[in-house]
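Below is one structure, written out as structure tokens; comments come after it.
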Amino acid sequence: MTTSMNLAGGIRLNGWLPIFPTTGSVFFVQSANANAKNDPGNGTRPDTPFASIDYAVGQCTANKGDVIVVGPGHAETVSAAAGLAFDVAGITVLGMGSGTSRPTISIGTATSATVTISAANVTLRNLLFVTTLDAVVTAVAISASDAKLFDIETRDTSATQCIDFISTTAAADRLHICDWVHRGDAAAGADTAITIVGGDGLVIENFDLYGNFAVAAIENVTTACTNSRFGGGSKQNYIWTKNSADVAITLAATSTASIGPNINAMLTDNAANITEAFVSAGGRFYQPINIVNLAGESSMQTNITASTDA
């Protein structure tokens with residue numbers, strides 16, 4: 001691959017126009033490259049990349065617009081708390097490749113292993129996060145404002161159920177997650193795909209979430225979030241829970257949020273669960289929010305009390 005860098009104009013790949021403008025430095029990471037090394041002499045060219053994203057983050061300068069380009073086939077293991085720490089503000093990490101060639105970050109070894117986003121204004125694109133140990137408490141922990149996770153996939157297996165795959169703190173204001181696929185498993189062990197603690201202006205849209213969620217696919221029950229949105233976007237949103245609790249989204253009673261439109265929820269049994277699938281006493285619901293129970297049935301819209309022109 002022929003690559004040249006124009007720091008004022010962006011990254012040029014194979015002679016094409018810049019795909020990402022930046023005024024900062026550009027670093028390359030690809031563990032599969034024979035020349036990969038975590039050394040200050042590496043990282044500025046794709047043929048001599050760094051071996052790990054975590055090392056590349058350490059070479060970045062805060063709020064300069066630095067970009068980390070992660071090559072296809074890159075693999076990184078996170079085995080401890082903050083084992084991969086996005087702790088430099090204002091950086092962007094771009095994963096290259098698609099499907100199984102996407103950069104893959106494996107979280108395991110210890111149940112306390114985490115990827116952390118603790119600096120503001122961090123953007124992650126096109127990365128695959130996979131748990132490799134059962135009962136990891138949380139795989140991705142976000143504790144800073146203005147994080148953006150775009151085109152990401154989070155994944156469990158029947159032997160590795162993460163309890164809360166993504167978690168936030170009240171400092172994660174304006175978190176934006178878009179085009180997120182979560183591939184959990186039918187086996188029990190997960191509580192949520194994401195658990196939210198406080199925060200203002202969160203947006204989670206264009207999602208497709210599957211798993212055995214004992215609490216809910218999207219949960220906010222400890223500290224209320226404010227002025228947030230779950231659903232909408234440019235695509236249909238999907239939640240399929242294999243847990244008999246049958247809860248798709250649950251928010252703290254005083255949370256102020258928009259839920260919907262264009263959310264499709266599949267539940268796991270035929271109990272009285274339509275109203276209970278979406279819980280938000282302080283939220284506003286935007287139709288269509290479609291819910292279906294058993295195979296062979298068609299969906300119905302949520303029967304939460306509709307507004308009237310009173």
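Roughly speaking, what % of Cα-Cα pairs in the range 75-217 are separated by over 22 Å, rounded to a whole number?
Working: 3062 of 10153 pairs.
Value for the range 75-217 (Cα pairs over 22 Å): 30 percent.
Helical runs (DSSP H, four residues minimum) scored at -39500 (n - 2.57) apiece and divided by the length of the chain put the mean residue ellipticity at 222 nm at -500 deg cm²/dmol.
Our coupling estimate for the range 286-293, obtained by passing each phi through the Karplus curve with A = 6.51, B = -1.76, C = 1.60 and θ = phi - 60°, is 10, 6, x, 10, 9, 10, 10, 9 Hz, Gly and Pro reported as x.
Of all lysines in the structure, the ones whose alpha carbon falls short of 23 Å from that of residue 235, not counting any fewer than 8 places away in one chain, are 148. Along the range 119-124 the Karplus relation, 6.51 cos²θ - 1.76 cosθ + 1.60 evaluated at θ = phi - 60°, assigns HN-Hα couplings of 10, 6, 6, 8, 10, 10 Hz to successive residues, with x for each Gly and Pro.
Residue 256 to residue 235: extension gain in nm, 0.36 nm per residue of separation minus the Cα-Cα distance? Mind showing how you got there, number by number?
On the way: separation 21, 0.36 × 21 = 7.56 nm, distance 2.29 nm.
Stretched out fully, the residue 256 to residue 235 stretch lengthens by 5.3 nm.
Remark: the range 63-69, residue by residue, has Karplus-estimated 3J(HN,Hα) of 6, 9, x, 5, 10, 10, 9 Hz, where x stands for each Gly or Pro and the curve is 6.51 cos²θ - 1.76 cosθ + 1.60 at θ = phi - 60°. Extension gain for residue 244 to residue 226 (0.36 nm times residue separation, less C-alpha to C-alpha distance): 3.6 nm. From the alpha carbon centroid of the range 72-98 to that of the range 109-140 is 9 Å.
Full extension of the chain segment joining residue 112 with residue 275 gains 55.1 nm, where the gain is 0.36 nm per residue of separation less the Cα-Cα distance.
When N is the residue count of the chain, what does its C-alpha Rg come to as a fraction of 2.2 N^0.38 Å?
Values: Rg = 20.2 Å, N = 310, 2.2 N^0.38 = 19.5 Å.
This ratio for the chain stands at 1.04.
May I ask you to list the lysines whose Cα is less than 25 Å away from that of residue 37, ignoring any residue fewer than eight positions away on the same chain? Straight-distance partners of residue 37: 64.
Where a number appears in this text, it was derived from the coordinates with a stated rule and is not lab data. Quick caveat, the model's predicted, so the values are computed rather than measured.
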